[in-house]
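Enquirer: My questions will all concern the structure given below.
Where a number appears in this text, it was derived from the coordinates with a stated rule and is not lab data. None of the values given here were measured: they were computed from a predicted structure. Don't worry about glycine lacking a Cβ; one is built from the backbone with ideal geometry, like all the others, and counts go over all protein chains shown.
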Amino acid sequence: MIYQVYVRSFADSNDDGVGDLPGLLGRLDHLAWLGVEAVWLSPVMPSPNADWGYDVADYGAVLPEYGTIDDLDEVIAAAGRLGIRVLLDLVPNHTSDRHAWFVESRSSVDSTRRDWYVWADPKPDGSPPNNWVGSFGGPAWSLDEPSGQYYLHNFLPEQPDLNWWNDGVRDAFDDILRFWWDRGVAGFRIDVCNMMIKDAALRDNPSATEDDPFIMRMFGQRPVYNGNRPEAHDILRRWRRISADYSPTRVLLGETNVDTLENLATYYGSGDDELHMGFNFPFIEAPFEAGALADIVARTEALLPSAAWPVWTGSNHDVSRLATRWCGGDPAKVRLALLMLLTLRGTPVLFQGDEIGLTDREFDKDELLDPVGLRFWPYYPGRDPERTPMQWDDGPNAGFTSAGVTPWIPMADAPVHVAGQRAEPGSVLHFVRDVIALRRRSPDLLGGDYRALPAPDGAWAWQRGAETIVALNLSAEARRMALPPGPGTVVLGTHPGRDASPTGDALDLEPWEGVVVTSRA
């Protein structure tokens with residue numbers, strides 16, 4: 001099980017209002033108590049923070065606000081002693097415009113690093129080289145007036161895109177991977193790995209159609225040529241070979257924000273030669289409904305290569321928290337969502353705060369920090385609502401930082417925190433810990449196959465391995481569910497009083513209730 005730490009919002013050790021690596025070090029005991037096996041850290045590398053760390057200025061150092069590279073080494077070592085591995089966020093599609101590579105590239109059309117980025121001449125009328133639109137809206141090109149050429153940025157102008165057709169870029173990132181693996185990093189979550197390669201001819205994207213997803217219709221085009229190019233798979237195969245040279249336990253986890261499950265499956269290659277895992281965005285973006293989720297899981301299982309391993313998540317630093325988006329703050333639904341994530345075949349990824357049912361915060365425009373929210377207000381509040389600080393106790397600033405300190409982003413002020421739930425055996429936190437413990441001691445839940453079982457409308461059931469069944473009622477009405485013949489026992493349930501209860505050939509589930517049943521004697 002992987003736990004995402006948004007470092008800036010996790011724990012502040014020096015009272016500057018910003019989370020940091022020493023703060024994380026001091027909270028590793030919480031992750032160990034919960035049963036976490038790996039942590040994925042949001043970008044910790046130096047950055048001007050135009051996009052809050054996803055504009056990297058140096059791939060071989062640590063942002064001073066977060067600490068030093070020695071602090072990161074200490075986190076990796078201490079986590080390892082607790083049986084927790086550390087994954088870093090790697091941003092290969094673009095750099096900061098303040099990165100030394102881009103500064104040199106921009107200095108002259110004759111620079112030896114000019115071709116490390118995507119530069120192109122304007123059209124005869126002076127307009128951008130093609131019609132590409134950035135993922136954050138607006139043209140994907142900015143004019144560099146001294147040279148008279150445009151540079152590409154699929155995100156902010158402060159995030160120029162690297163040219164992955166250039167062998168120097170590929171060699172540099174080989175060295176970056178090795179640098180961090182040599183320091184004990186277990187792997188990488190690879191930011192927008194599906195966008196690294198762009199069409200070499202810089203062809204115009206086709207217009208969107210009525211059948212395309214909303215985001216494409218909003219931007220007016222289908223991103224055919226500025227992302228999801230087949231040559232991106234060559235890079236991932238190259239990185240997989242490097243990871244294998246280090247250890248079979250090194251991990252490449254891709255941010256594969258693609259529109260179809262068929263496209264997602266391609267990033268696994270043959271199942272053992274590209275990504276180890278790729279995030280399933282159709283699942284993340286699905287409604288919290290049995291039919292929709294069950295269909296995505298079934299199709300994912302059918303499409304992935306036989307050697308591939310799924311990954312499931314409901315929240316992250318870019319997506320409204322599951323407790324809000326799926327569950328509307330209802331603790332019963334939160335338990336159900338977490339039971340689902342932690343019992344499907346594959347690796348579950350929890351975002352910090354999921355384990356206590358932390359919800360989003362509503363922001364006013366003058367509170368926003370996210371450039372996406374500022375651009376699209378009031379239609380979209382951006383990503384600030386899910387990036388609020390972790391809530392540790394009932395003290396000032398919920399224990400994230402000291403009293404009298406202003407956090408870098410406002411607190412969510414939700415009525416949940418770790419200390420309160422740690423003291424309450426019936427809390428969401430204890431429930432999550434129990435599910436993780438069950439998962440770790442159950443061969444079926446660790447590695448058993450997934451097989452969907454018949455279920456009434458609004459319910460969803462599946463079998464893992466030979467002896468374990470998971471049954472969920474994702475509806476506001478009770479449901480009766482048939483079970484395979486033979487004796488069974490509820491070993492864990494979202495509602496109190498279910499554990500250790502026997503089952504027959506049918507199971508009655510209350511609204512928004514889920515159980516794990518085993519036939520093991």
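Enquirer: Where does each of 304-313, 459-468, 502-511, 346-355 land if you order them by average Cβ count within 10 Å, highest first? Provide the component values of the computation, followed by the final result.
Expert: Details: 304-313: 17.7, 459-468: 21.5, 502-511: 14.9, 346-355: 23.8.
Packing order, densest peptide first, comes out as 346-355, 459-468, 304-313, 502-511.
Enquirer: Across the Cα atoms of the stretch 449-518, what radius of gyration and what greatest pairwise Cα-Cα distance (Dmax) are found, in Å?
Expert: 10.8, 30
Enquirer: Using packing as a proxy for protection, rank 133-144, 70-81 so that the peptide with the highest average count of other Cβ atoms within 10 Å comes first. Working shown, then result.
Expert: Details: 133-144: 18.7, 70-81: 17.1.
Order by mean packing, descending: 133-144, 70-81.
Enquirer: Which whole-number percent is the relative contact order of the stretch 405-488 (Cα, under 8 Å, 6+ apart)?
Expert: 16 percent
Enquirer: Counting Lys and Arg as +1 and Asp and Glu as -1, what is the net charge of the other residues whose Cβ lies under 13 Å from the Cβ of residue 259? Please report the intermediate quantities before stating the final value.
Expert: Values: positive: 217, 222; negative: 211, 212, 262, 285.
Once all neighbours under 13 Å are counted, the net charge is -2.
Enquirer: Compute the length gained on full extension between residue 375 and residue 476: take 0.36 nm times their separation in residues and subtract their Cα-Cα distance, giving the result in nm to one decimal.
Expert: Numbers: separation 101, 0.36 × 101 = 36.36 nm, distance 3.75 nm.
Going from the current span to full extension adds 32.6 nm.
Enquirer: Let me have the relative contact order for the stretch 174-310, percent, based on Cα pairs under 8 Å that are six or more residues apart. Please report the intermediate quantities before stating the final value.
Expert: Working: 189 pairs, mean separation 31.4, N = 137.
Once divided by the residue count of the stretch 174-310, the mean separation gives 23 percent.
Enquirer: Using helices alone, what [θ] at 222 nm do you get for the chain, with -39,500 (n - 2.57) per DSSP H run of 4 or more residues, divided over all residues and rounded to the nearest 500?
Expert: Mean residue ellipticity at 222 nm (helix-derived): -7500 deg cm²/dmol.
Enquirer: Using a Förster distance of 60 angstrom, determine the FRET efficiency expected from the C-beta separation of residue 231 and residue 501, and round it to 0.05.
Expert: Working: r = 55 Å, r/R0 = 0.92.
The calculated FRET efficiency here is 0.65.
Enquirer: In square nanometres, what is the average projected area of the Cα convex hull of the stretch 187-322?
Expert: Convex hull of Cα atoms, orientation-averaged projection: 9.1 nm².
Enquirer: Also, quick follow-up: Between residue 302 and residue 249, 0.36 nm times their residue separation minus their Cα-Cα distance comes to what?
Expert: Numbers: separation 53, 0.36 × 53 = 19.08 nm, distance 2.52 nm.
Full extension from residue 302 to residue 249 adds 16.6 nm.
Enquirer: Quick one: pull the percentage of alpha-carbon pairs in the chain with a separation above 35 Å.
Expert: Working: 48464 of 135460 pairs.
Result: 36 percent of Cα pairs exceed 35 Å.
Enquirer: Give me the Kirkwood hydrodynamic radius of the stretch 100-152, using the inverse of the mean 1/r over all pairs of distinct Cα atoms, in Å to one decimal. Can you show the working numbers first?
Expert: On the way: mean 1/r = 0.0868 Å⁻¹.
Final number for the Kirkwood radius of the stretch 100-152 is 11.5 Å.
Enquirer: While we're here: State the Cα centre-to-centre distance between the stretch 276-295 and the stretch 370-406 in whole Å.
Expert: Between the Cα centre of the stretch 276-295 and that of the stretch 370-406, the gap is 26 Å.
Enquirer: Quick check: Cα centre of the stretch 91-133 to Cα centre of the stretch 447-521, how many Å?
Expert: About 56 Å separates the Cα centre of the stretch 91-133 from the one of the stretch 447-521.
Enquirer: For a quick protection proxy, order the peptides 316-323, 219-226 by their average other-Cβ count within 10 Å, most packed first. Display every interim value, and only then the final one.
Expert: On the way: 316-323: 22.4, 219-226: 18.2.
So the peptides 316-323, 219-226, ranked by packing, come out 316-323, 219-226.
Enquirer: When only C-alpha pairs under 8 Å and at least 6 residues apart count, what is the relative contact order of the chain, in percent? Display every interim value, and only then the final one.
Expert: Details: 1102 pairs, mean separation 59.0, N = 521.
Reported relative contact order: 11 percent.
Enquirer: So what is log10(I(q)/I(0)) for the stretch 307-415 at q = 0.10, 0.21 1/Å, when the Debye sum runs over its Cα atoms only?
Expert: -0.33, -1.12
Enquirer: Taking the number of other C-beta atoms within 10 Å as the exposure measure, put 211, 121, 55 in order starting with the fewest. Please list the in-between numbers first.
Expert: Details: 211 7, 121 10, 55 26.
Ranked by crowding around the Cβ, least crowded first: 211, 121, 55.
Enquirer: Taking the DSSP beta bridges in the chain as the whole, what percent of them are antiparallel, to the nearest 5? Intermediate results must be reported in sequence, preceding the final value.
Expert: Values: 36 of 60 bridges.
The antiparallel proportion sits near 60 percent.
Enquirer: With label points built 7 Å along Cα→Cβ from the Cα atoms of residue 145 and residue 167, find their separation and express it in nm.
Expert: Going by the 7 Å Cα→Cβ label model, 3.8 nm.
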